[in-house]
Structures are given as C-alpha cells and as structure tokens.
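Chemist: The following block contains the structure, expressed as structure tokens.
The values are calculated or read from the model by the stated rules, or taken from the named source; none is laboratory data. Not measured: the values here are computed from a predicted model. Here the Cβ positions follow ideal geometry from the backbone for every residue, glycine too, while neighbour counts run over all protein chains shown. The protein model used for the area step is the full one, side chains on, heavy atoms only, and it has no ligands, DNA or RNA in it. Shrake-Rupley method; radii C 1.70, N 1.55, O 1.52, S 1.80 Å.
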Amino acid sequence: MEATEKKNACNSSEFRRSELSDTELEIVGQPYSISVLKVGYCLSQQDGSFRADGTISLLTGPRTILVDTGGPWDRDFLVKRLKDKRLDPGDISLVVGTHGHSDHVGNLGLFPAATIVVGCDISEGDRYLPNQLAEGQPYPIDEHVSIVPTPGHTGRDVSLLVKGTTMGTVLVAGDLFERCTDDDSWRELSENPAVQEASRQEALRTSDVIIPGHGLPFRVHREEADGRSG
Ligand SMILES: [Fe+2]
C-alpha cells in the first residue's frame, strides 16, 4: 500500500522538464502548427519593481488562433510579427487571453471581429457565449484544439491544449507556469496555490510540451517517468 502510494506520488509530480532553446520556437504539426511570436519574461529590478511581459503564441491551421497578445506596449511589435507570417490582425479568428492581466491581454483591441476569450469569458462582439469553463469543463474548438480551465494564478485562467504536433500534445499555458524552472516564484504570484498546484499537475500529466507565460517552452518527459515507475 505504502509502495503504491509512493509510486503514484512519483508519477504525478516527478516529471523531468527541459527547456527548449530560442531556436525552437516553431512547433510544426498536423493540422495545427504553433509559433511562439514573443517569449515572455519577468525580471526583478533593484528598486523592487519588476519588468514583465507575457508570451505570445500563434496557431495556424484550420483556424488562425492567437494565445495572449502581450502588453499594450507590444502593439506595433505584434502587428509586425503577424505581418512576418503574412497575416493581418483581421485574419485571426480566435484570440485566447489566458487570464486578464495587462501583460497578456493588452492588445485585444486589434481584433474586434475575432471570437475573444479572456479566462472563462467567451465573446463574439458584445455577445457572450455560454460555457462551463468556470465549472471545470473544457471548451472544444475542434477535434485538435480545446480551451481547458487551468485556474490558480487567478480564479479563471485557461490554457489552449493542442494535439497532433511533431512534439506531441502542447499546452499553451499562460501563467499556470512562469517558466520551466519556476518553483521559486509561481506560488508568490498565485491567487490560489493549492488550486494552481492541482492544475499544474494535471498539465504535466497530459502535455508533452508546455509554453509558459514568462519563459521558453519546455518539454515534459512523461515517458521516462512512466518507464521509471513501470
Ligand atoms: Fe499573470
């Protein structure tokens, strides 16, 4: 009994993680590919302030989807990065703001015609759509992509789960994870650490790659953990 419990604990929490490099920001997939347009950061300053910006990710495939928009200061940068991809803001059909912090949803105004998600709110223009994200239910976009509730950092965070990439299942996760090695920092930024810890463990159990809110994407080595336990 004790051994079984120990094994389960290892399975649920001891996944090794490894950060991708800044040359691995294009994750090819079928039918969706993911481009990290900006790698977020969070840097403490000597005066007690910190400089922060959120990661911006683009999905291309059957739908063209932006996950987080960066802060308002990123407006020109974002338009240029989309243009580099031969896209205008009007080509984005769905914008997912993982949570309502200004460094993640500062440019929603670029996308008035898109379906807009901010946390558990989903809107098309001024029409708000029924959903059960706040009750813990995913909101499928299609058979490959779904919005999943990942609360804790705030009460209403969501992430985008993308299946079928060459790196496996990818979770575009906002501030559920700050960065690959964030055990020193995520709790102090969390509105509900117990809830966030549960969301993090679920993410680590289900994702091969996680794109965090303020750092480079990282791999989750689930196969190794399975091998160790088996
Ligand atoms: Fe945040």
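Chemist: Within the chain, which DSSP H helices have Cα atoms that stretch 15 Å or more along the helix axis and a mean Kyte-Doolittle hydropathy of at least -1.0?
Modeler: 193-206
Chemist: Same structure, new question: What is the distance, in nm, between label points placed 7 Å from the Cα along the Cα-to-Cβ direction at Asp47 and at Val28?
Modeler: 4.7 nm
Chemist: Need the full-extension length gain, Asp208 to Asp121, defined as separation in residues times 0.36 nm minus the C-alpha distance. One decimal, nm.
Modeler: This chain segment gains 28.6 nm when fully extended.
Chemist: Still on this structure, please answer the following. For the chain, take the alpha-carbon Rg, divide it by the Kirkwood Rh, and send me Rg/Rh.
Modeler: Ratio of gyration radius to Kirkwood radius: 0.97.
Chemist: Hey, got the dipole for the chain? About the Cα centre, +1 on K and R Cβ, -1 on D and E Cβ, debye to the nearest 20?
Modeler: In debye, rounded to 20, the chain gives about 440.
Chemist: Might you tell me the accessible area per residue for the chain, computed with a 1.4 Å probe and given in Å²?
Modeler: On the way: 11280 Å² over 230 residues.
With the other protein chains kept in place, the chain gives 49 Å² per residue.
Chemist: As an exercise, use a Förster radius of 25 Å and the Cβ-Cβ distance of Ser21 and Asp88 to find the FRET efficiency, rounded to the nearest 0.05. Working shown, then result.
Modeler: Values: r = 30 Å, r/R0 = 1.20.
That gives a FRET efficiency of 0.25.
Chemist: For region 153-159, take each phi angle, set θ = phi - 60°, evaluate the Karplus expression 6.51 cos²θ - 1.76 cosθ + 1.60, and give the result in whole Hz per residue in order, putting x for glycine and proline.
Modeler: Values per residue, Gly and Pro as x: 4, 10, x, 9, 5, 10, 10 Hz.
Chemist: At 0.36 nm per residue, minus the direct Cα-Cα distance, what do Glu197 and Thr166 gain on full extension? Give it in nm, one decimal, please.
Modeler: Values: separation 31, 0.36 × 31 = 11.16 nm, distance 2.76 nm.
Gain in length upon complete extension: 8.4 nm.
Chemist: Residue farthest toward the positive end of the dipole of the chain, with Cβ of Lys/Arg at +1 and Asp/Glu at -1: which of Leu87, His214, Ser49?
Modeler: Looking along the dipole axis, the top candidate is Leu87.
Chemist: What order do you get for 189-198, 99-108, 28-37 when each peptide is scored by the mean count of other beta carbon atoms within 10 Å, highest first? Don't skip to the end; give the middle numbers.
Modeler: Values: 189-198: 15.8, 99-108: 21.0, 28-37: 18.2.
Ranked from most to least packed, the peptides come out as 99-108, 28-37, 189-198.
Chemist: Another question, then. For the chain, what relative contact order do you get, as a whole percent, if you take Cα pairs closer than 8 Å and at least 6 residues apart?
Modeler: For the chain, the relative contact order is 21 percent.
Chemist: Across the Cα atoms of region 164-223, what radius of gyration and what greatest pairwise Cα-Cα distance (Dmax) are found, in Å?
Modeler: Every Cα atom of region 164-223 included, Rg and Dmax give 11.2, 34 Å.
Chemist: Of the DSSP beta bridges with both residues in region 17-229, give the percent that are antiparallel, rounding to the nearest 5. Write down the numbers at each step before the final one.
Modeler: Numbers: 37 of 47 bridges.
Of all bridge pairs located within region 17-229, approximately 80 percent are antiparallel.
Chemist: May I pose another question? Round to the nearest 10 and report in Å² the accessible area of Cys42, as given by a 1.4 Å probe over the protein chains' heavy atoms.
Modeler: Accessible area, nearest 10 Å²: 50 Å².
Chemist: Full-extension gain between Gln132 and Ser146, please, as 0.36 nm times their residue separation minus the C-alpha to C-alpha distance. Could the numbers behind the result be given before it?
Modeler: Working: separation 14, 0.36 × 14 = 5.04 nm, distance 1.28 nm.
This chain segment gains 3.8 nm when fully extended.
Chemist: If packing is taken as the average count of other Cβ atoms within 10 Å, what order do 56-63, 200-207 fall into, highest mean first?
Modeler: 56-63, 200-207
Chemist: Provide the percentage of antiparallel DSSP beta bridges, counting only those with both residues in region 8-107; round to the nearest 5. The partial results should precede the final answer.
Modeler: Details: 14 of 17 bridges.
Antiparallel bridges make up about 80 percent of those DSSP assigns within region 8-107.
Chemist: Continuing with the same structure: Using a 1.4 Å probe over the heavy atoms of the protein chains, calculate the carbon and sulfur portion of the accessible area of the chain as a whole percent. Kindly include the intermediate steps, with their values, before the conclusion.
Modeler: Numbers: 5530 of 11280 Å².
Answer for the chain is 49 percent, counting heavy atoms of protein chains only.
Chemist: Here's another thing I want to ask about it. Given R₀ = 25 Å, FRET efficiency for Arg63-Asp184 by Cβ-Cβ distance, to 0.05? Walk me through the numbers on the way to the answer.
Modeler: Numbers: r = 36 Å, r/R0 = 1.46.
E between Arg63 and Asp184, to the nearest 0.05, is 0.10.
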